[in-house]
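Participant: Starting off with a structure, shown below.
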Amino acid sequence: MTAMIRQVEDPDLALVERWRAGERDAGEQLFERHFDGLYRFFQSKSSGDADELVQATLLACLRAKDQFRGESSFRAYLFSIARHVLYRYLRDRRRDERFDVTTTSVAEVITTPGSALARDQDHRALLAALRELSIEQQTLLELHYWEELDTLELARIFDVPPGTIRIWLFRARGKLRARLAAAAPGTLVELDRLARSARSRHTAS
């Protein structure tokens with residue numbers, strides 16, 4: 001029942017069906033709709049390679065377009081692919097056996113911190129703190145706050161139960177707050193604003 005409801009609500013579904021039927025224009029429209037979100041996702045976790053990573057994600061989606069079953073939104077499906085592309089990219093850059101997305105941070109792999117999120121001092125401090133979390137925690141928080149993905153969509157992306165996602169979010173937020181409290185306490189206001197915004201969106205839905 002949940003999958004059926006999501007299919008009806010997913011604004012991308014009609015485009016997906018047309019794309020599968022051979023309409024190239026429908027596929028281009030899908031990618032145009034999600035390009036900015038994908039670019040933002042990669043830009044904060046790569047070193048000037050966001051364009052290439054977006055292209056790799058879209059190519060992987062093109063090759064696997066028939067695997068989308070509508071059990072989540074197409075957007076969640078696309079970010080699931082993006083997550084695997086990102087982890088492969090960072091693993092290749094680390095080039096050692098110690099790489100683990102649950103413990104390794106982006107700051108340990110990428111030294112150039114440029115990001116579109118760093119518009120002001122608070123954003124820069126928030127981004128710096130995020131980059132010190134594990135890669136998986138940073139990915140989870142950014143998908144939740146900036147890409148507005150809910151618990152069910154995140155569960156699909158990370159391939160774990162929704163209850164596990166809630167626990168992970170709680171722990172990741174706790175670690176992020178601790179880092180901000182030590183390094184940039186004023187930025188906690190920005191984090192609280194994001195948390196309130198996320199709660200209101202998900203309560204309304």
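The values are calculated or read from the model by the stated rules, or taken from the named source; none is laboratory data. None of the values given here were measured: they were computed from a predicted structure. For neighbour counting, all protein chains shown are included, and Cβ atoms are generated from backbone atoms with ideal geometry for every residue, glycine included.
Participant: If Ile167 meets every condition in (1) within 29 Å of Gly48 (Cα to Cα); (2) out of contact with any helix residue (DSSP H, G or I) (no Cβ under 6 Å at 6 or more places or on another chain); (3) at pLDDT 90 or above apart from one, which number is that one?
Facilitator: Among (1) within 29 Å of Gly48 (Cα to Cα); (2) out of contact with any helix residue (DSSP H, G or I) (no Cβ under 6 Å at 6 or more places or on another chain); (3) at pLDDT 90 or above, the lone unmet condition for Ile167 is (1).
Participant: State all residues of the stretch 154-172 that are out of contact with any Lys or Arg (no Cβ under 7 Å at 6 or more places or on another chain), in a helix (DSSP H, G or I) and closer than 16 Å to Thr102 by Cβ; if no residue qualifies, say none.
Facilitator: Matches in the stretch 154-172: Leu154, Phe158, Thr164, Ile165, Ile167, Trp168, Leu169, Phe170, Arg171, Ala172.
Participant: Which of the residues spanning the stretch 127-171 are of a type in the set (Ser, Thr, Tyr), touching a Pro at 6+ places or on another chain (Cβ under 8 Å) and under 20 Å from Ser44 (Cα atoms)?
Facilitator: none
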